[in-house]
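Reviewing the structure listed below.
The values are calculated or read from the model by the stated rules, or taken from the named source; none is laboratory data. Source: prediction; values computed, not measured. Don't worry about glycine lacking a Cβ; one is built from the backbone with ideal geometry, like all the others, and counts go over all protein chains shown.
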Amino acid sequence: MRVLKASQSAAVADPVRSKFAMVAPVLKATLHSLSRDRLNRLGGIERVTLRDLARECREGNGDAGICFEYAVHEALARRDPLLFPLASEVLEGFCTIQGGAESILFGPEKEGVIPILESVQDALTEDSVVYVGNRGRPPRLRRYVPQIIRAYRRNEERTKLPRSIVGLWKADLFLGNHGADRWVGTTVKITPATLEGARGLRLGIYPKQNSADVPRLDDALNLVRLPLPYDSDFMEMFYKSFFLVGAFLRADGRVPTPVNLPDAQDRFITRELELRCEFPCVAVIEALQGMAQADLLRAEEISSLRVDATLSADGLRTSPSNVPVAESVSITPLTTTREGA
């Protein structure tokens, strides 16, 4: 693993670069959604090319939801201005967590392709606490992570969890702040109607339903609602990226016909993908992240350690020119092969 310190140094320049940033997590989620036997047959996740992904991918009803989780997670990790300020404001206003929103990828169903147990435990400290919206001392999160993952798989394990976090196995992300060492269990739903509360969950992220749908505490669900807006905002960028990746994969890794992808910007992006079809997906995803506006972040490697997580730390400040400048620490997995992974 490598630890990078990054500083946001410029505003988002154009929608094409923003789409490149969004296409990367959509491709990553699609790659990680392949069954274990398919990955093994192709030589492991590091060897799956973009062409392989197009041939192996089979669309399912849950694809958009999985990609949405990854998109939200990575948008917070890179402090995307379409999401980071809103999420930070909600965390501070409703959960008293200051310092800017950070994300730890969870979701026990991801265990196997992604080492979720190690990732979360490495991202937390012994003093990390999870806020659940109830009175009393918040539980220390790290010690319960193995139990939470087991509770996802077996009903009998759920009764062994403290009552205040008995439903935390439903979390998709942990949002909070590494500096404050406080986190909230977060459920991410692409369909607003499926949003549901559970003991231990505190935040619900979903697409905005109408103009009256604003961040608020939902007493019935005991969740803080965080609706994400459309109108050239996060949800619009996500869906455009999701649809263009889907059209590209259905076209067997080629530029889709104009009737399937009429937008000129989208076709430009798929041409860039087609040129990289014979390269491993992990390398293509890294390349896309590099194409997502070169001057958006200044980064330097400050140390190396063996962990599997993605998070950021420190705060948000505004420069005199009103361009947001953020300091962060990002932990990003290298494309190396681990035994047993």
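Considering only region 206-265, state which residues are aliphatic (A, V, I, L, M), more than 30 Å from Leu175 (Cα to Cα) and in contact (Cβ under 8 Å) with a residue 24 or more places away in the chain.
Keep residues of region 206-265 that are aliphatic (A, V, I, L, M), which gives 212, 214, 217, 220-221, 223-224, 226, 228, 235, 237, 244-245, 247, 249, 251, 255, 259, 261, 264.
From what is left, the residues that are more than 30 Å from Leu175 (Cα to Cα) are 247, 249, 251, 255, 259, 261, 264.
Passing the criteria: Leu249, Ala251.
Residue by residue, here is whether (1) within 26 Å of Glu74 (Cβ to Cβ); (2) modelled with pLDDT under 95 holds:
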| residue | (1), (2) |
| --- | --- |
| Pro138 | no, yes |
| Gln147 | no, yes |
| Asn155 | no, yes |
| Thr159 | no, yes |
| Trp183 | yes, no |
| Ala193 | yes, yes |
| Leu203 | yes, no |
| Gln209 | yes, yes |
| Leu217 | no, no |
Selection from region 248-267 of residues that are in contact with a helix residue (DSSP H, G or I) (Cβ under 7 Å, 6 or more places away or on another chain) and part of a helix (DSSP H, G or I)
Phe248, Leu249, Gln265, Asp266
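May I ask you to verify whether Glu46 is surrounded by fewer than 19 Cβ atoms within 10 Å (Cβ to Cβ) and outside any loop (DSSP other than H, G, I, E, B)? Talk me through it step by step, then tell me what you get.
Working: surrounded by fewer than 19 Cβ atoms within 10 Å (Cβ to Cβ): yes; outside any loop (DSSP other than H, G, I, E, B): yes.
The answer is yes for Glu46.
Mind telling me which of the residues Ala220, Ala193 ends up being under 15 Å from Phe68 (Cβ atoms), out of contact with any strand residue (DSSP E or B) (no Cβ under 8 Å at 6 or more places or on another chain) and surrounded by fewer than 24 Cβ atoms within 10 Å (Cβ to Cβ)?
On the way: Ala220 fails: under 15 Å from Phe68 (Cβ atoms).
None of the other options fit; the residue is Ala193.
Looking for something under 18 Å from Leu288 (Cβ atoms), touching a Lys or Arg at 6+ places or on another chain (Cβ under 8 Å) and either hydrophobic (A, V, I, L, M, F, W, C) or modelled with pLDDT of 90 or more (or both) - is there at least one such residue anywhere in region 103-119?
Of region 103-119, the ones under 18 Å from Leu288 (Cβ atoms) are none.
No: zero hits.
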Helices (runs of 4 or more DSSP H) (entirely within region 49-159) containing at least 3 residues that are among the aliphatic types (A, V, I, L, M) and either surrounded by fewer than 21 Cβ atoms within 10 Å (Cβ to Cβ) or assigned by TED's automatic domain parsing to the domain that holds Val224 (or both)
84-95, 116-123, 145-153
Counted residues, region 76-116 - those being under 18 Å from Val145 (Cα atoms) and of a type in the set (Val, Ile, Thr):
4
Please give the number of the condition Leu273 fails out of (1) among the hydrophobic types (A, V, I, L, M, F, W, C); (2) assigned to a helix (DSSP H, G or I); (3) out of contact with any Gly (no Cβ under 8 Å at 6 or more places or on another chain).
(3)
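So, in region 97-121, how many residues would count as being free of Cβ contacts under 8 Å to residues at least 60 places away in the same chain and within 22 Å of Ile205 (Cα to Cα)?
If we filter region 97-121 for residues that are free of Cβ contacts under 8 Å to residues at least 60 places away in the same chain, which is where we start, we get 109, 111, 116-117, 121.
Subset that is within 22 Å of Ile205 (Cα to Cα): 109, 111, 116.
Of the residues in that region, 3 qualify.
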